[in-house]
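First comes the structure, then the notes that go with it.
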Amino acid sequence: MSQAMKRCSAHTCAAVAVRRALSSGAATPSVYTRFLLKLSHYFYDVENILDWNNWLRSQGVIHKNRLFGYAQKNFGNNVAAAYYILTLRGSFRFAGQSEWFRPDSRGRFSYDFMSTPDAKIEEVDLSGTLINHNGLENLVKQNKLQTLSLRGCPEVDDWFLARLHVFGESLVELDLSHCSRITVGGLAALQNLRKLERLDISGLPRLQNPGLVRILLEEMLPHCQVSGAEYEQGLIQPDSQEQTEGHHEASTHTGLRHL
Amino acid sequence: FAFGYNSVITKRNKFFLPVFRDLDAQLRAFRDKAAAAMPGSDWSPIELTPGLPPERADVVIVGGGVVGWSIAYWLKMKARVRDGLRVLVVEKDPTYSQASTVLSCGGIRQQFSLKENIMLSLFSAHFMKNINNHLCVVNEDPVDLQFNHSGYLFLASEKSAHIMEENYRTQRYVGAKVALLSPSQLKERFPWMNMEGVALASLGLENEGWFDPWSLLNALRRKAVSMGVYQCFGEVTGFKCAANLAETTDGEVLNVQRIKYVNVRMPNSLEYQPVECAVVVNAAGANSGKIASMLGIGLGPKESVSGVPLPVEPRKRFVYVVHCPDGPGLDTPFLIDYSGVYCRREGLGGNYITGMSPEETEEPDISNLDVDHEFFQEKVWHRLAHRIPAFEQLKVSNAWAGFYDYNTFDQNGIIGLHPLVPNMYFATGFSGHGLQQSPAVGLAVAELILDGGYKTIDLSALDLKRILLQEPILESNIV
């Protein structure tokens, strides 16, 4: 038993990381991953190597979301926020300008954004990046932010949504689709975004009743249009009811066609 | 050996099969006995009671609630050497049926008036934000606290609006994210609320809400046990101390007791085990006063230090689960009215959890955890319906009662050493806020024990000596 305790570590183990990746809706892991996982049940060495791998990955996320304090102090908040978004491989657009600043496929970008230190950011596209609640510290001063897209970000969770209240006066569009860690508790925090008009909650695996959540969100934010969940999702449909409904639909369709 | 034996059975004659089947079981039993006789197995010729605590431990934590396990976890985290510190957590009730932790509403807020309280909850919120970095165990599922980030909403009448503004300034200064709302802004945000009598409201924007206390308790316990903390289910019935005489500057002679053994009695038995220990932590919650009186604290002459008892006693509080299909929706915060009524959403099905702290003179009987439904009908319902008109039509579906470890002196936590018992640390008296402050309190007590002083949050204002010096620090935002 003491040997088992010696193996304890503070970071996620390989099996849990794979379980988390599976639950996020990814396809079944490759033969190679499954083979490594099987080996790690038998050999401490393999388990340690996989643990180090996960630890390095989590350290990478922490490094990506560090505070860009030097840039903030020397170049101002806007330039620091722009630099941060580009290093994360996201893209943005300044208020008053129409062109987007994007990195290329290799992650390189031009430093033209430094020429306008007073321009505030209006639209941000952070889909697929590793942003988490710590990284949001770099963006809190952007009070003119109107569009935020967080499509498929694996590290965005409920605590991140709770921090979005800083954009309460300006955020108009929010895209949260395919962020696997979000639950209803975090969506309740969106009540502070009073100006929100478009919200996308498609593909959230941890929502048990997407239709009910959509109704509650529309009640909570009356001016907001919630997309990504149909009202019938999450309803228990017995088979006979479906068949009779199908008949009804067919008859109404034919009825309408005759009109 | 086993493979060869199984193949022998299949090849042999069927006549001998019954004999061989029996032989197989006997050989297996013999093999188990031989393995048990080898050194390194748990077998011993003397029949010991299962579940006895070890005979010796470095730190004994009395009380297995969330505060006790948080202290155990942080003690092991700070003592970096494996097995460098032997910690034992003693809990009376393995089912946790009367424990305050699991019967709590599970809310966490930073809207206090005392800056130490704000810092404690802020630290705990940050702990819960990164809970998997702290409490993740190899080969186990990640921790899910089911945290609802809906925030707390405090309402103030005309009389207390200035106190709320003062508190707002303190909260902002310490770093809590709170916003003040006027009645018109409230009306626009929460149209289901009745604004009558409300002069000002304060809403928590971040790090506030409610979660599942059982998940936090289990996560702390699982991680602490994986780091080598011993857990024992038994009741502390007494202490064996070494007494010394000490003289105060006034010439008074005091009996200073140093705890040598903690007597832990096994459940449903008279058998007890004296655990030799260096440090004892009193995290027994509602029963802390009883533990302190076992050491003679409060039983001396009235004018001396030993005559001041530990002012922590259990106070019963009721929680009612109501169902109202037309009630407020997903944006319901943890609403706390100035009349003392509180209410929060539970789940998505129109269920709400509500309750109220009774008056000082009308405290319910603490001998059991029976629920008084008359209290809801007479005291809570009309105030609730006055504030939220939709609650005029509701149905009480469930109710339970739990104890607050109520600090009768000033309703704030008591952390520190008692002068008469130099090796007992107190971490109790949180009066309903123990759960939300537990990670931070655990770290503070671990720092006191291992480093001798506070390193992260300075909680000298919550020290026990304020009880003896009769200097209360009052918290005005107690629910």
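The values are calculated or read from the model by the stated rules, or taken from the named source; none is laboratory data. Please read these numbers as outputs of a predicted model, since none were measured by experiment. Cβ sites come from the backbone with ideal geometry, for glycine too, and all protein chains shown count toward neighbours. These area figures cover heavy atoms from the full protein model, side chains too; ligands, DNA and RNA do not enter into them. Shrake-Rupley method; radii C 1.70, N 1.55, O 1.52, S 1.80 Å.
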Scanning region B:50-78 residue by residue, the ones that are buried (at least 18 other Cβ atoms within 10 Å of the Cβ) and within 14 Å of chain A (Cβ to nearest Cβ) total 3
Index of the failed condition, B:Y73 passing every other in (1) in contact with a strand residue (DSSP E or B) (Cβ under 7 Å, 6 or more places away or on another chain); (2) closer than 12 Å to B:V89 by Cα = (1)
Single condition B:R109 does not satisfy, out of (1) of a type in the set (D, E, K, R); (2) under 26 Å from B:F127 (Cβ atoms); (3) within 14 Å of chain A (Cβ to nearest Cβ); (4) open to solvent by 20 Å² or more (accessible area, probe 1.4 Å) = (4)
Restricting the first residue to region B:347-359 and requiring it to be touching a residue at least 60 places away in the same chain (Cβ under 8 Å), which pairs with a second residue that is in a loop (DSSP other than H, G, I, E, B) meet a Cβ separation below 8 Å and a spacing of at least six or different chains?
-> B:I353/B:C105; B:G355/B:C105; B:S357/B:G340; B:S357/B:I478; B:S357/B:V479
Pull up region A:159-179, narrow it to residues that are within 14 Å of another protein chain (Cβ to nearest Cβ) and open to solvent by 20 Å² or more (accessible area, probe 1.4 Å), then point me to the one that is farthest from A:L67 (Cα to Cα).
-> A:E169
For A:G234, all conditions in the list (1) surrounded by fewer than 19 Cβ atoms within 10 Å (Cβ to Cβ); (2) at pLDDT 90 or above; (3) within 14 Å of another protein chain (Cβ to nearest Cβ) hold save one; what is the number of the exception?
-> (2)
Filter result (within 7 Å of chain A (Cβ to nearest Cβ) and not hydrophobic (A, V, I, L, M, F, W, C)) within region B:142-153 | B:P142, B:Q146, B:N148, B:H149, B:S150
In this structure, does B:V81 turn out to be touching a strand residue (DSSP E or B) at 6+ places or on another chain (Cβ under 9 Å) and either away from chain A (no Cβ under 14 Å) or open to solvent by 10 Å² or more (accessible area, probe 1.4 Å) (or both)?
-> no
Would you check if there is a residue in region B:361-368 being in a helix (DSSP H, G or I), crowded, with 18+ Cβ neighbours inside 10 Å and of a type outside the set (A, V, I, L, M, F, W, C)?
-> no
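Results for (1) touching a Gly at 6+ places or on another chain (Cβ under 8 Å); (2) closer than 30 Å to A:G234 by Cα, shown as yes or no for each residue.
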residue	(1), (2)
A:G96	no, no
A:F109	no, no
A:F113	no, no
A:S127	yes, yes
A:Q146	no, no
A:E173	no, yes
A:S177	yes, yes
A:L187	no, yes
A:L193	yes, yes
Filter region A:57-94 for residues that are over 24 Å from A:T147 (Cα atoms) and under 21 Å from the mean Cα position of the chain (by Cα) and give the result.
-> A:R57, A:S58, A:Q59, A:G60, A:I62, A:H63
For region B:186-202, indicate whether the set of residues that are within 30 Å of B:C136 (Cα to Cα), among the acidic types (D, E) and within 14 Å of chain A (Cβ to nearest Cβ) is non-empty.
-> no
Filter region A:86-104 for residues that are under 24 Å from A:R66 (Cβ atoms) and open to solvent by 100 Å² or more (accessible area, probe 1.4 Å) and give the result.
-> A:R89, A:R102
Lone unmet requirement of (1) within 24 Å of the chain's Cα centre (by Cα); (2) open to solvent by 40 Å² or more (accessible area, probe 1.4 Å) for B:P301 = (1)
If you check A:V156 against the conditions, is it outside any loop (DSSP other than H, G, I, E, B), under 19 Å from B:H149 (Cα atoms), within 14 Å of another protein chain (Cβ to nearest Cβ) and among the β-branched types (V, I, T)?
-> no
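Yes/no per residue for (1) among the acidic types (D, E); (2) open to solvent by 20 Å² or more (accessible area, probe 1.4 Å); (3) in a strand (DSSP E or B); (4) in contact with a strand residue (DSSP E or B) (Cβ under 6 Å, 6 or more places away or on another chain):
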residue: B:S431; (1), (2), (3), (4): no, no, no, yes
residue: B:Q436; (1), (2), (3), (4): no, no, no, yes
residue: B:K455; (1), (2), (3), (4): no, yes, no, no
residue: B:R466; (1), (2), (3), (4): no, no, no, no
Restricting the search to region A:214-231, which residues are more than 10 Å from chain B (Cβ to nearest Cβ), at pLDDT 90 or above and part of a loop (DSSP other than H, G, I, E, B)?
-> A:H223, A:C224
Every pair of residues 6+ apart whose Cβ atoms lie under 8 Å, when the first sits in region B:442-454 and is touching a residue at least 12 places away in the same chain (Cβ under 8 Å) while the second is exposed (fewer than 15 other Cβ atoms within 10 Å of the Cβ) = B:L443/B:T456; B:A444/B:T456; B:E447/B:G453; B:E447/B:K455; B:E447/B:T456
Residues of region B:212-232 being assigned to a strand (DSSP E or B) and open to solvent by less than 10 Å² (accessible area, probe 1.4 Å), in sequence order, are B:C232
Just one listed residue, out of B:L335, B:L348, B:L384, is assigned to a strand (DSSP E or B) and of a type outside the set (G, A, S), and it is B:L335
Scan region B:158-166 and give yes if some residue there is free of Cβ contacts under 8 Å to residues at least 40 places away in the same chain, among the charged types (D, E, K, R) and more than 25 Å from B:M356 (Cα to Cα), otherwise no.
-> no
Considering only residues that are surrounded by fewer than 14 Cβ atoms within 10 Å (Cβ to Cβ) and touching a residue at least 24 places away in the same chain (Cβ under 8 Å), look in region B:233-254 and name the one that is nearest to B:G289 (Cα to Cα).
-> B:T237
Residues in region A:191-213: is at least one facing another protein chain (nearest Cβ under 10 Å), closer than 30 Å to A:G69 by Cβ and free of Cβ contacts under 8 Å to residues at least 40 places away in the same chain?
-> yes
Collect the residues in region A:180-190 that are within 12 Å of another protein chain (Cβ to nearest Cβ) and of a type outside the set (K, R), keeping them in residue-number order.
-> A:I182, A:T183, A:V184, A:G185, A:G186, A:L187, A:A188, A:A189, A:L190
Would you list the strands (runs of 3 or more DSSP E) that sit entirely within region B:233-281 and hold 2 or more residues that are under 23 Å from the mean Cα position of the chain (by Cα) and not aliphatic (A, V, I, L, M)?
-> B:235-247, B:253-265
Assuming B:M119 fulfils every condition listed in (1) open to solvent by 40 Å² or more (accessible area, probe 1.4 Å); (2) in contact (Cβ under 8 Å) with a residue 12 or more places away in the chain; (3) in contact with a strand residue (DSSP E or B) (Cβ under 9 Å, 6 or more places away or on another chain) apart from one, which condition is it?
-> (3)
Would you pick out the residues in region A:105-146 that are of a type outside the set (S, T, Y), under 24 Å from the mean Cα position of the chain (by Cα) and open to solvent by 50 Å² or more (accessible area, probe 1.4 Å)?
-> A:R106, A:R108, A:K120, A:G128, A:L130, A:N134, A:E137, A:K141, A:N143, A:K144, A:Q146
